[in-house]
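Just below is one structure, and these are the notes that go with it.
The values are calculated or read from the model by the stated rules, or taken from the named source; none is laboratory data. All figures in this text were calculated on a predicted structure; none of them were measured in a lab. Cβ atoms come from the backbone with ideal geometry, glycine included; neighbour counts cover every protein chain shown.
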Amino acid sequence: MLILEQPCAEPMKIIRATFFTQVAFVAIATGQAPPGTSVLGHVYAGENGVPSIRATVSLQDESFGLHKRVGQIKTDENGGFRFDKLAGGVYTLYVEQSGFLTEYVTHVEPGRAVTVRLRRSAIISGRVLGADGKGISKATVEIAALSYTYGAVSLPSKGLAYSDDHGNWRIPGLAPGSYYLRTSSNGYDTVLYPDASGLDGASRIELREGSEMLGIELRLRRAPRFSLEGQLIDSETEAPAQAESLRAYSADPIAGTFVDGTVRSGEFRLEGLKSGRYFLNFLWVGATNNVVRSAVFPVEVGSVDQQGLVLRAARTRVAGRLDAADHILPCCLSVYLEPTAATIRARIGGSGGGSDVASDGSFDIAGVEAGEYRLRVHAGKPARFFVREPVLIVDGHAPVTGANLKLDFSAGTVAGRALDQAGVPISGAVVVLQSVEPEKLSNDLYRRVYGASPTGSYSITDVVPGDYLLFAWRGASDLIGDPALFEQALPRARRVTVRPGGAIRENAPELLAPQR
């Protein structure tokens, strides 16, 4: 929880789903530093409040959309830290200490003293065994959490380890929460703990703050595996692409994992693939510049080894225009390409590139890899429009032009405060506005997820007209979109009807985590 002595007037920020970071707001303002010059405070570790000595404290300037680190220091013998000679603005503190979760404090202004309390991280460990009871070395063990962020259920990794020569593995630095364990190895079936091939039959593991869960046994069964060999060509030079790395991600979002391959002078090889669909992700450097790019190729792996596959790392451009009709085109707009495949976004992330929008509404995205994308529009200021983003097929050879998008200014606004069960404002809560129609549950156009201010205030300005559920949420953001959460929200969340261009002021009641 984040409690500050003075309200902050910073605008709301969109909560973007990430798939590896877990943090908590745990700072409490405790005093005043010299006005407008310093940020100082103390760091304490664990429940007993012992000063955290030599914790790493970083200060980042967040003013005007900047993300610039201005200093990094170690805490003293009393857990104290101090940054002096700061300009006015808004900063974020990051605090790291071995054995504890990384914490951050947002909306920090010079002249404010801050107390940070670190939470102990959890540890899980065990052994990977074969059917004969012997340890399996070099097996991949992943700890994963359910995610509905990308419109489909998946199990993105939150941490991983490789077993040693005796099959032992250990994953430290974990946040409290509910997880699944997934293990895989060359020549074996992928298994979800304790012995399942999918979510049905898999057991969740609950980790508490500072807990140590030891002795987890994971047993693997032999299964046929196949190899894939080929060559990656740079389409600009027709020469072998200078690829730096290769990883194959299974298209199965639950039981699928990844396999690392080798690549040299464009020649690549993957071993240990089971039958099914994969996405090959190459990191490569173009011949005409030193920019590292990601090239993703879908491939089908059959029941035999494959050789001679030729893939072409082709780049092209996507250009078009934003149409504001009779309205003035908003400033500070940009467009970016998002892969349509949920598996790619969940496992690989990134995008097909982006571009700022010129004053006449035109944009031009260069260096786009072949693939299927959805064209997204991002506003530097709170948007008062929405866009029904089209799907584009990019073959990597011919430029895509005329990708015109019409801005719809009939968007409504919903504003208010996030309140807990007792009606108290929730600092830094997530406010969710979700269409009441179940078929729109996975459609980002009808789901808005915003971060409330330190005083619990929020304002969502780009809402498509329609009927919505409104609630505040302090659970994992990955669960937003979970059908179980949606079913719980139906009778308990506030219902609002957003009319074209309308403005609603409604408080968002807190929704507790669903019981499974």
* Answer with yes or no whether Asp323 is over 29 Å from the mean Cα position of the chain (by Cα) and either basic (Lys, Arg) or surrounded by fewer than 16 Cβ atoms within 10 Å (Cβ to Cβ) (or both). => yes
* Structure fact -> If we ask which residues in the stretch 90-146 are of a type in the set (S, T, N, Q), in contact with an Asp or Glu (Cβ under 6 Å, 6 or more places away or on another chain) and assigned to a strand (DSSP E or B), their number turns out to be 1
* Asked: Quick one: is Gly173 outside the structural domain of Val259 (by TED's automatic domain parsing), touching a residue at least 24 places away in the same chain (Cβ under 8 Å) and not β-branched (Val, Ile, Thr)?
  -> yes
* If only one of Gly80, Gly130, Gly111, Gly167 is buried (at least 18 other Cβ atoms within 10 Å of the Cβ) and not assigned by TED's automatic domain parsing to the domain that holds Arg345, which one is it? -> Gly167
* Pairs, please: C-beta under 9 Å, at least 6 apart or cross-chain, first residue free of Cβ contacts under 8 Å to residues at least 24 places away in the same chain and within 16 Å of Glu369 (Cα to Cα) and in the stretch 222-244, second surrounded by fewer than 16 Cβ atoms within 10 Å (Cβ to Cβ) and among the β-branched types (Val, Ile, Thr)? -> none
* To do: Among the candidates Thr140, Thr106, Thr75, single out the residue that is of a type outside the set (A, V, I, L, M) and either at pLDDT below 85 or closer than 22 Å to Ala452 by Cβ (or both).
  => Thr106
* Residue that is farthest from Gly354 (Cα to Cα) [pool: residues in the stretch 295-319 that are out of contact with any strand residue (DSSP E or B) (no Cβ under 6 Å at 6 or more places or on another chain) and not β-branched (Val, Ile, Thr)] -> Ser303
* Asked: In the stretch 287-298, is there at least one residue being of a type in the set (Gly, Ala, Ser), part of a strand (DSSP E or B) and either surrounded by 18 or more Cβ atoms within 10 Å (Cβ to Cβ) or in the same structural domain as Pro382 (by TED's automatic domain parsing) (or both)?
  -> yes
* Structure fact -> Checked the stretch 469-489 for anything surrounded by fewer than 17 Cβ atoms within 10 Å (Cβ to Cβ) and closer than 19 Å to Leu445 by Cα; matches are Pro483
* Asked: In the stretch 218-262, how many residues are in a strand (DSSP E or B) and either over 16 Å from Thr140 (Cα atoms) or aromatic (Phe, Trp, Tyr) (or both)?
  -> 19
* Within the set of pairs 6+ apart or on separate chains, which have a first residue in the stretch 339-365 that is closer than 18 Å to Lys406 by Cβ and among the polar types (S, T, N, Q), a second that is modelled with pLDDT under 90 and part of a helix (DSSP H, G or I), and C-beta atoms under 9 Å apart? -> none
* Asked: Taking the condition among the aliphatic types (A, V, I, L, M) and surrounded by fewer than 21 Cβ atoms within 10 Å (Cβ to Cβ), does Val90 pass?
  -> yes
* **Options Tyr180, Tyr148, Tyr91; residue that is assigned by TED's automatic domain parsing to the domain that holds Gln60, more than 24 Å from Glu47 (Cβ to Cβ) and of a type in the set (Ser, Thr, Tyr)** => Tyr91
* Structure fact -> Taking the stretch 431-453 and keeping residues crowded, with 21+ Cβ neighbours inside 10 Å and over 26 Å from Leu375 (Cβ atoms) leaves Val431, Ala452, Ser453
* **Listing of strands (runs of 3 or more DSSP E) fully contained in the stretch 357-437 that carry 2 or more residues being in the same structural domain as Phe471 (by TED's automatic domain parsing) and farther than 30 Å from Phe279 by Cβ** => 412-419, 430-435
